Structures are given as C-alpha cells and as structure tokens.
Amino acid sequence: MTALSSGALGSLDPTSDRAVFRQIADQLREAIDRGKFAEGAKLPSESDLVEHYGVSRMTVRNSISLLQGEGLVSSEHGKGVFVRPRPPVRRLASDRFARRHRDQGKSAFTVEAEAAGSRPEVDSLVVKEERPTADISARLGAPRKVLARRRRYLLDGRPVEFAVSYLPLDLARDTPIAQPNPGPGGIYARLEELGHHLDHFDEEIRARMPSPQEVKTLRLSAGVPVIQLIRTAFDTKGRAVEVCDTVMAADAYVLNYRLPAT
C-alpha cells in the first residue's frame, strides 16, 4: 500500500482562501511531523501528487519548494525528494567540558558523538598565527597576534559544524597546541598542563542564516539556518585563554542546558 492510498495525505479544501500549493505543503508537513513519512523516507513523486490532488506539476513543485525552504526535505536529482534527518546530537552545555572527559582523553565533540551513537571526524584542519579581529582581540585581552585553529567536524561523514579557536600567542606558540593534533583531551587538556587551570566558560549564542561559504562548508540544504556560538574560556586567574567561534548546522543539534533554580 502506498503512502497516498493509505491515507497519509488528504484532499484539498476548495472553500479555503489558502493557496492550493500551501494546502499541499501543509498536508505534507503534517504527515512528516506525525511520522507518516519517516526520516530519510521518499515523498510521493510529482506525478503521484499531481494525480492525487488534481493539480498542475508546477503547483506541486511550488509545494515542495516551500518545504525545502523550511529545511524539511531535500531533493536528489534523478532520485526524488526525501525527508531530511532530524537533530542527531544533543549538545549538553552543562556537561560537555567536564574535566572528567579531558582526563579520559576525550574532546567535547567526541563525547557528544558517542552519546548520539555516531562516528566523529575532524577535517579541514588549519593551524596558523595571525592578527585577530577587533572583537576577538577584545575578548582575549588585546593580544597583538593569536594562534588560530580552524577545523570542520563531521558525524558519520556529514559536516555538522565549523569552528575556529583563537589563543594568545604567548600561551600557544611552541607548545602541542600549535600542532595539528594537540593530543588526548584536546587543547583544554594542554592548557591545564601548561598551568592554566580552567575555571569557567562564557557562551553567546545566536541563530542566523548562513553565508554562501558556510552553506558550502557545511553542505547545507536550502532554508537551513546556522547557530553561531562564541565561547570564551577563562582560567582560575581570570585570564581569557581561548575564544572559540563555532558555526553549527541548526538541523544537526539540540542545545540542552541545565540551569540551577537557586
């Protein structure tokens, strides 16, 4: 039995003042939300939808374009339209930088990927010295130069975030932090080994639409926004020892926070 014959989609309301292509998009969206079309499932073909609703092919295409713009579906040339996967990673802000993870030689991303049952990877790694922007310089106490570590993170081969860590050059130069692989536990473990015991992290989060370069880097589908998170790490002496500017595919994450009530 096909999705159409099983009643996954209804019929149009000729008395509604809502445009026909929007009615079709509404029904497809509801079917996806109710799980009638699961993640990765193929939607009915254009021909099937044209026949089911008695509309033109252009009307159906407008409906699908609307769902693509919302980031609900993606089109694969010659194959069809598929329901995009829902967020696979729960980003546990209150736990991800716990010292016990560093002591086990695990980075925050590795911990989250393992919890999601996914395979973590890091690529596009570039480490170099450079002059910071005014914003990064202000956050780090106005150093003249920083060490920048750029990398892209993937889950099961899919890019999900791109991050740049900026560290004052006097802390990072000629240390393992300046190497492509800083070692178990990542740069935070190395900072603590260098005597900069971490005290806390400040994070700023905002959502926005991606730049063309971010669309390319993260292979984003049309309509998918990004989450930009800027984190500053402070040691126990109150010094800012790192600023990390991270851009995440918004459809790849759920941000999870535990806040004290007292």
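The values are calculated or read from the model by the stated rules, or taken from the named source; none is laboratory data. Here the structure is a predicted model, which is why all the values come from computation and not from measurement. Only protein heavy atoms, including side chains, enter the accessible area calculation; ligands, DNA and RNA are left aside. Shrake-Rupley method; radii C 1.70, N 1.55, O 1.52, S 1.80 Å.
Express the Stokes-Einstein translational diffusion coefficient of region 20-83 in µm² s⁻¹, to the nearest whole number, given a Kirkwood radius over alpha-carbon pairs, 20 °C and a viscosity of 1.002 mPa s.
The diffusion coefficient I find is 185 µm²/s.
Where is the GNM fluctuation largest for the chain (alpha-carbon springs, 10 angstrom cutoff): Lys128, Lys79, Lys36?
Top of the fluctuation ranking is Lys79.
For region 249-262, just list the computed ³J(HN,Hα) in residue order, Karplus coefficients 6.51, -1.76 and 1.60, θ = phi - 60°, integers in Hz, with x standing in for Gly and Pro.
Taking θ as phi minus 60°, the curve returns 5, 5, 7, 9, 9, 10, 8, 10, 10, 10, 10, x, 9, 10 Hz for region 249-262.
Where the Cα atoms of region 35-167 are projected onto their three principal axes, how long is each span, largest first, in whole Å?
65, 35, 25
Given H placed on each backbone N at 1.01 Å, which residues far from His197 in sequence or on other chains put an amide H within less than 5 Å of it?
Placed amide hydrogens put Thr236 under 5 Å from His197.
Carbon and sulfur together cover what percent of the accessible area of the chain at a 1.4 Å probe radius?
The nonpolar share, carbon plus sulfur, comes to 50 percent.
Karplus couplings for region 35-41 from phi (6.51 cos²θ - 1.76 cosθ + 1.60, θ = phi - 60°), rounded to Hz, Gly and Pro as x?
Karplus-based 3J(HN,Hα) across region 35-41 equals x, 6, 10, 6, 4, x, 6 Hz.
With all pairs of different alpha carbon atoms counted, what Kirkwood hydrodynamic radius in Å does the chain show?
Every distinct Cα pair counted, the radius reaches 21.0 Å.
Compute a Gaussian network model of the chain, connecting alpha carbons closer than 10 Å, and tell me which residue from Arg90, Arg150, Arg100 fluctuates the most.
Maximum among the listed residues: Arg100.
Quick one: Karplus J couplings for region 171-183, per residue in order, coefficients 6.51, -1.76, 1.60, θ = phi - 60°, nearest Hz, x for Gly and Pro?
8, 9, 4, 6, 10, x, 5, 7, 8, x, 10, x, x
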